[in-house]
Amino acid sequence: MNDDKEKKREELDEAWWYQYLSEEEKRERMEATQVSQEPVIAEEHTPQQQKDWKPFIQLWGRRAAVVAAAALVVGGVSHWVYVTRSLGQMEAKHDAVLEKLDQSERRVAQEKALAAESAEVLVRERAALERRGQAFELGKQEYVQSSQAAAAEIEQWKETMRDMVSLVQEVYVLKTESRHAPLLDLENEKQRDEKLRTRWLEIQKKIEESEGLEEASAKIQLGVAYAAALAGAYDREALEQGDWELAGLEHERPMVLSRICYQQALAHQARQQKKEAAEWVRVGKEWAKALDAEGLERAYVLGMFAKLEGDIHLKEDARGALGHYLLAVDLLGRVVEVNPEAYSIRSLLLELGSGMSSWPSSNKDWEEKVHAVVREQAEWILEHHPEKRKAHLALARLDIMMAERCLREREMKKVDTLLARAGKCLSEGGGDVLLQSSLEGMKAFIAWDKGYRSVAIQRMDKQVVLLEKLAQEDGGSAAAHYRRAAMLWERSMMQMQSAKAKADAEGAIGILSEVLVGAGCFEAMEARRLKAMILCDLAEMEMDRGQKSQARDYLRRSGKLWDELRAQWGESEEDRELARWCAHQLTLF
């Protein structure tokens, strides 16, 4: 039964009008269907009875009425649905038309807005074009003006470059002419230097205010001041207050100012203005201390100032000067250790050492150090520059000096070796009359000591004649006269006759007295020392002859010289012994 019910439901669902019924109508329709089927079901399951047609007819009459009513309802509903659906479609179409109208209005409004915006953009573009046109005209005017200014500036630079080329050419010509003495003699150097300096300053003024050339202007200004200082026209303010940083030369400032101070000190020292020279040395050393403590430049500059200080103080304070010279040897020695190819510094060390090697001193340490410096520098120079004559002569002088010391100590084997080496150096160095006379004098003394006295005297006579000739030809140089006096003294010690011995000694004293007149500081020291020695010998000769009064006079004169030498120069061990001997002999009278 349930299956039939479900089947009936499905049939009703499939009916076209059934879908328009409400839920309540669908329930009533369902109930009516169930009531109409109950008798049939009862009939199917009850025994067969005799049919009563009246109820059947009544039931179908009611069904027909229901069906008719339902048909009317369904038809009405269908029409309502149709009308409703038609109205909905019409409303939808109306809404679509309205939406299209709204869209059209919005598009029109947007197009109006775009048109207005386009008009504004067109106005702005037109204004921009007008401004560009005005800017173009202004730019055109500025371009013309800048072109004219650039052309004027280029022309100005061309003029400056022409001046610079002319100036450089003139400097080159000046440098070339300086190598030719005849041309140099005709040239007024001071006037030309001033002219060049003025022209450089004119160029500096031209580029001083040019943008981007401040560094070049500062360099020229400092360079001109530096060159003027080296030429003697020192402008302290221009150099010390110049813009070294702008010129990019701040790192060179201490070295440049040290060099200028050194040059100024040299100039004052040459004019015997020792106070001013010492002040320039002090200022220069302060600038030198700003250099790198471990660098070679600082050692070199301080070494050169130490040497100059020694020269300044040599005459008044020889022992103080010695300290400066030793410092210079030490500082410059450091430079050649690091830079062994520095020939000029080695030459200076050789010169310093050679001058100090004959200095009287009781300090064996520095004396040996000085001798070692002389030998080291001379041997290096000869190895790399064998043609340098002064290195050969320096070694010869050193060997002769050491041979004299060995001779006094009676180390004859060393004497022979040293003299042979000295002779070779003299030969390779082209010879030197003064050193050769020293060498021959020692050989004559050795021959005299061995018993060849006539040969020794002959050799000494020959050397004395040569030295007299040299003294006359050399214009009376202190060195030639000093050496002649030394040879006379040495010959006096070989004379067999006391009269000849005294005559030679007195002759030597007279020559040395002449040497002391106008002699340099070092030459005066050597002359006084030799004179004091000869006076000791003369005193001893007079004592042997019994001439006590004359001997006392010689001893007093000698003692006075020893006191002067000791006060100014110090004394060597040999000097000290001779001074004591003089003092002791005076106590015996």
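Heavy-atom surface analysis with a 1.4 Å probe gives region 69-146 a carbon and sulfur content of 62 percent of its accessible area.
A 1.4 Å probe run over region 466-589, with the rest of the protein chains in place, finds 49 Å² accessible per residue. Counting lysine pairs in region 419-563 that sit 8 or more residues apart in sequence, or on different chains, and whose Cα atoms lie under 17 Å apart gives 6. Region 501-538 and region 364-426 have Cα centres lying 25 Å from one another. Cross-link pairs exceeding 27 Å in C-alpha to C-alpha distance, out of K275/K369; K274/K390; K307/K413; K369/K390, comprise K275/K369; K274/K390; K307/K413. Once you order the gyration tensor axes a ≥ b ≥ c over the Cα atoms, which shape class does region 444-589 get: rounded for a/c under 1.5, otherwise prolate or oblate by comparing a/b with b/c? Note, shape of region 444-589 comes out oblate. Anisotropy class assigned to region 505-587 is oblate, per the alpha carbon gyration tensor with a/c at or over the 1.5 cut-off and a/b no larger than b/c.
A crude spin-label estimate for the pair Q134 and C521, with each label 7 Å from Cα along the Cβ direction, gives 8.5 nm.
Under the simplified labelling scheme, the A372-Y343 pair shows an inter-label distance of 2.7 nm, with each label point 7 Å from Cα along Cα→Cβ. What the phi angles of region 564-573 give under the Karplus curve with 6.51, -1.76 and 1.60, with θ = phi - 60°, is a coupling list of 5, 5, 5, 5, 9, 10, x, 8, 8, 4 Hz, glycine and proline written as x.
The values are calculated or read from the model by the stated rules, or taken from the named source; none is laboratory data. As the structure is a prediction and not an experimental result, all values here were calculated from the model. Here Cβ is always computed from backbone atoms with ideal geometry, including for glycine, and neighbour counts include all displayed protein chains. Note: areas computed on protein heavy atoms with side chains; ligands, DNA, RNA excluded. Shrake-Rupley method; radii C 1.70, N 1.55, O 1.52, S 1.80 Å.
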